[in-house]
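What follows is a set of notes on a single structure, which appears directly below.
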Amino acid sequence: MSNELLTPAEMGEADRKAIEAGPFDGIKLMRNAGACVAREVLRRYAAAERVHVLCGPGNNGGDGYVVARLLAESGVPVSLWSSGEPRPGSDAALAAGECPLRPMPLAGFLPTTGSIIVDALYGAGLSRAIEGDTVRAIELAITFGLPVVAIDLPSGISGANGRVMGAAFRAELTITFARMKPGHLLMPGREYCGEMVLSDIGISDAVIDELQVCTFRNCPQLWLGEFPVPGVDTHKYRRGHVGVFSGGPASTGAGRLSALAAARSGAGAVTVLSPGNALAVNAMHLTSIMLRKADDGTEVEAFIGDRRPSAFVLGPGFGVGDKVREFALAVLAVRAGVEGLVLDADGITSFREEPSALFTAAAAPDAPALVLTPHDGEFARLFPDLAADEGLSKLERARQAAARSHGVVVAKGADTVIAAPDGRAAINANGTPWLATAGSGDVLAGLIAGLLAQGMPAFGAACAAVWIHAEAGARFGPGLIAEDLPLALAPVLRELTYSTES
Ligand SMILES: NC(=O)C1=CN([C@@H]2O[C@H](COP(=O)(O)OP(=O)(O)OC[C@H]3O[C@@H](n4cnc5c(N)ncnc54)[C@H](O)[C@@H]3O)[C@@H](O)[C@H]2O)[C@@H](O)CC1
Ligand SMILES: [K+]
């Protein structure tokens, strides 16, 4: 696995363990890191008239001295600038000693057009806001419109949470080592990193395994082993049955989008549970998807008893109020057969006055899995204290929300975070702005429920759905509307299904 995300502290620990385990000591790891960066610079920026390497006082600067030496040895014109001397005896001091170029003070940094910048000022060790000469260098890079290649992280971006600390370089390319960090994927860090390259510098998987990391980049590797593939002897009810609650006559579309997505995801049957006064509207728009009246808890329970549904979607277009709470608690009270409840949109907002009722129901032993899919506003309604806590990253917020709610939390956005109550979390990285369209969240909710209904565990189902949804949106591209998404899921699902067979 190479999709673990390491905080800067965990990365430091991995460096130490790798050095202890050998065969590479600190300076050798640094030479490997510098060599990876130099290779990328030579390959991608062969036409650069000059490379300005900006070195900080720590090991990030140490990588920079290696890059400067290797580029100079390759005949590239290099200017070396330093914001502070490396500590005597450190690996960075050794790397500086091996570099034939003498650094000039960063205070005098003046680039020329046609050159590029290698940013080796601060990486994992950034501990406070950037200021002074570094801010000036960042401004000059912008003024001259120079491409920036960042080593490990663009200086000024926190590896832990992706925040800009004072100011930051906007890199065209960021080369990081061993594993990515949360700050590479959380916004705004992701935008500042530009294209990302993950380089192997000789830190083994065994060393990373020892850290028992529970934060991941969301990619198929994380959940493909749990992805449902129907056996040849299956029948429709073995592929799961999803119930989707519809809103009233004027807001039935959202539920139908969820229903379509659940059906496309491979669930064998889908039923729209509709208020009596919206049955006619729903009936006009449904073909393979079933329709059933559900005006109160008794009718929901009767449906569960008769049809043995395995997952539900509640919230899209439903309207805020008592009925949501009644239906959600009725579903969470089922003790066998129902795998999960996806609570979205109005479903989340309806619990704002009394979230503990929801969380307690989800905490009960053998309760169906709860999956919450809030965007920022909905998140703040259910978890106001976490949303207001400036000290928490989106990753930490989602993780705490999952622990508190006893549910899987899908904190949506350009950097969707999926967190499980047991502490696992994944940050999604294939998001696309084309998904920022009305109804796209309804499709996501249906997709999660469809995967849950087929027996996929809740965290995996949520991660898979987020990734598949984004992949489908990105492939469709311009012109995408939510109605297109259920069908656009098909090629992505097809590829995943066949890749599990190889
Ligand atoms: N052996 C290792 O540990 C390896 C480390 N590597 C590199 O080492 C980096 C981490 O090195 P370090 O832990 O030394 O950290 P950094 O080099 O990122 O920064 C630490 C130094 O910067 C200073 N500093 C932090 N924030 C500052 C600010 N806002 N303004 C001014 N000074 C500031 C600190 O006081 C310290 O001197 C990684 O990002 C990676 O590039 C790689 O060489 C691979 C091997
Ligand atoms: K850097």
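From the set of residues in the stretch 160-183 that are more than 12 Å from ligand 2 (Cβ to nearest atom) and not in a loop (DSSP other than H, G, I, E, B), which is surrounded by the fewest Cβ atoms within 10 Å (Cβ to Cβ)?
Per the criteria, the residue is Val164.
Being surrounded by 17 or more Cβ atoms within 10 Å (Cβ to Cβ) and in a helix (DSSP H, G or I) is the filter here, so list the residues in the stretch 272-298 that pass it.
Ala278, Leu279, Val281, Asn282
Before we move on, is Cys219 surrounded by fewer than 20 Cβ atoms within 10 Å (Cβ to Cβ) and under 16 Å from the mean Cα position of the chain (by Cα)?
Spelling it out, Cys219 is indeed surrounded by fewer than 20 Cβ atoms within 10 Å (Cβ to Cβ) and under 16 Å from the mean Cα position of the chain (by Cα).
Quick one: which of Ser79, Ser74, Ser2 is more than 16 Å from ligand 2 (Cβ to nearest atom) and touching a His at 6+ places or on another chain (Cβ under 7 Å)?
Ser79
Considering only the stretch 40-64, how many residues are within 20 Å of Asp152 (Cα to Cα) and either outside any helix (DSSP H, G or I) or within 13 Å of ligand 2 (Cβ to nearest atom) (or both)?
15
Does Gly315 satisfy the criteria of being of a type outside the set (Phe, Trp, Tyr) and on the phi > 0 side of the Ramachandran plot?
Considered against the rule, which asks whether it is of a type outside the set (Phe, Trp, Tyr) and on the phi > 0 side of the Ramachandran plot, Gly315 comes out as yes.
So that you can scan it fast, the table gives a plain yes or no per residue for (1) buried (at least 24 other Cβ atoms within 10 Å of the Cβ); (2) modelled with pLDDT of 95 or more; (3) more than 10 Å from ligand 1 (Cβ to nearest atom); (4) within 24 Å of Ser115 (Cβ to Cβ):
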position: Ile19; (1), (2), (3), (4): no, no, no, no
position: Gly22; (1), (2), (3), (4): no, no, yes, no
position: Ile27; (1), (2), (3), (4): no, yes, no, no
position: Arg44; (1), (2), (3), (4): no, yes, yes, yes
position: Leu80; (1), (2), (3), (4): yes, yes, yes, yes
position: Ala95; (1), (2), (3), (4): yes, yes, no, yes
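Residues checked against (1) within 16 Å of the chain's Cα centre (by Cα); (2) surrounded by 24 or more Cβ atoms within 10 Å (Cβ to Cβ); (3) of a type in the set (S, T, N, Q):
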site: Ala438; (1), (2), (3): no, no, no
site: Ala461; (1), (2), (3): yes, yes, no
site: Ala464; (1), (2), (3): yes, yes, no
site: His469; (1), (2), (3): yes, yes, no
site: Ala474; (1), (2), (3): yes, no, no
site: Pro478; (1), (2), (3): no, no, no
site: Pro491; (1), (2), (3): no, no, no
site: Glu495; (1), (2), (3): no, no, no
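From (1) in a loop (DSSP other than H, G, I, E, B); (2) at pLDDT 95 or above, pick out the condition that doesn't hold for Leu447.
So the condition that Leu447 fails would be (1).
Condition check: modelled with pLDDT of 95 or more, in a strand (DSSP E or B) and not charged (D, E, K, R). Does Leu341 satisfy that?
Against the criterion (modelled with pLDDT of 95 or more, in a strand (DSSP E or B) and not charged (D, E, K, R)), Leu341 qualifies.
Quick one: which residue in Leu370, Leu395 is under 22 Å from Val244 (Cα atoms) and not assigned by TED's automatic domain parsing to the domain that holds Pro188?
Residue meeting the stated conditions: Leu370.
Are any of the residues in the stretch 309-317 over 22 Å from Ala362 (Cβ atoms), in contact with a helix residue (DSSP H, G or I) (Cβ under 9 Å, 6 or more places away or on another chain) and either of a type in the set (A, V, I, L, M, F, W, C) or crowded, with 16+ Cβ neighbours inside 10 Å (or both)?
yes
How many residues are of a type in the set (Gly, Ala, Ser), assigned to a loop (DSSP other than H, G, I, E, B) and near ligand 1 (Cβ under 10 Å from one of its atoms) when one looks only at the stretch 113-137?
The number of residues fulfilling the criteria is 6.
Here is a check on your reading of the model: is Arg190 touching a residue at least 40 places away in the same chain (Cβ under 8 Å), under 21 Å from Ser393 (Cα atoms), assigned to a strand (DSSP E or B) and in contact with a helix residue (DSSP H, G or I) (Cβ under 9 Å, 6 or more places away or on another chain)?
no
Restricting to the stretch 387-410, name every residue that is charged (D, E, K, R) and either assigned to a helix (DSSP H, G or I) or touching a residue at least 24 places away in the same chain (Cβ under 8 Å) (or both).
Result: Lys394, Glu396, Arg397, Arg399, Arg404.
Mind checking which pairs have a first residue in the stretch 283-306 that is acidic (Asp, Glu) and a second that is assigned to a helix (DSSP H, G or I), Cβ under 7 Å, 6 or more apart or different chains?
Final answer for the pair search is Asp295/Gly276; Glu301/Ala330.
Right, Leu140: surrounded by fewer than 24 Cβ atoms within 10 Å (Cβ to Cβ), in contact (Cβ under 8 Å) with a residue 40 or more places away in the chain and outside any loop (DSSP other than H, G, I, E, B) or not?
So Leu140 does not fit the description; no.
Kindly establish whether Gly479 is modelled with pLDDT of 95 or more and in contact with a helix residue (DSSP H, G or I) (Cβ under 9 Å, 6 or more places away or on another chain).
yes
Any residue that is within 8 Å of ligand 1 (Cβ to nearest atom), touching a residue at least 60 places away in the same chain (Cβ under 8 Å) and among the charged types (D, E, K, R) - is there at least one of those in the stretch 63-74?
Yes: the stretch 63-74 contains one or more residues that are within 8 Å of ligand 1 (Cβ to nearest atom), touching a residue at least 60 places away in the same chain (Cβ under 8 Å) and among the charged types (D, E, K, R).
Every residue in the stretch 233-274 that is modelled with pLDDT under 95 and among the charged types (D, E, K, R), please.
Asp233, Lys236, Arg238, Arg239
Identify the single condition in (1) of a type outside the set (Gly, Ala, Ser); (2) more than 19 Å from Thr373 (Cβ to Cβ); (3) in contact (Cβ under 8 Å) with a residue 40 or more places away in the chain that Glu495 does not satisfy, given that it satisfies every other one.
(3)
The values are calculated or read from the model by the stated rules, or taken from the named source; none is laboratory data. Everything quoted here is computed from the prediction, not taken from an experiment. Neighbour counts are summed over all protein chains in view; Cβ atoms, including those assigned to glycine, are modelled from backbone coordinates with ideal geometry.
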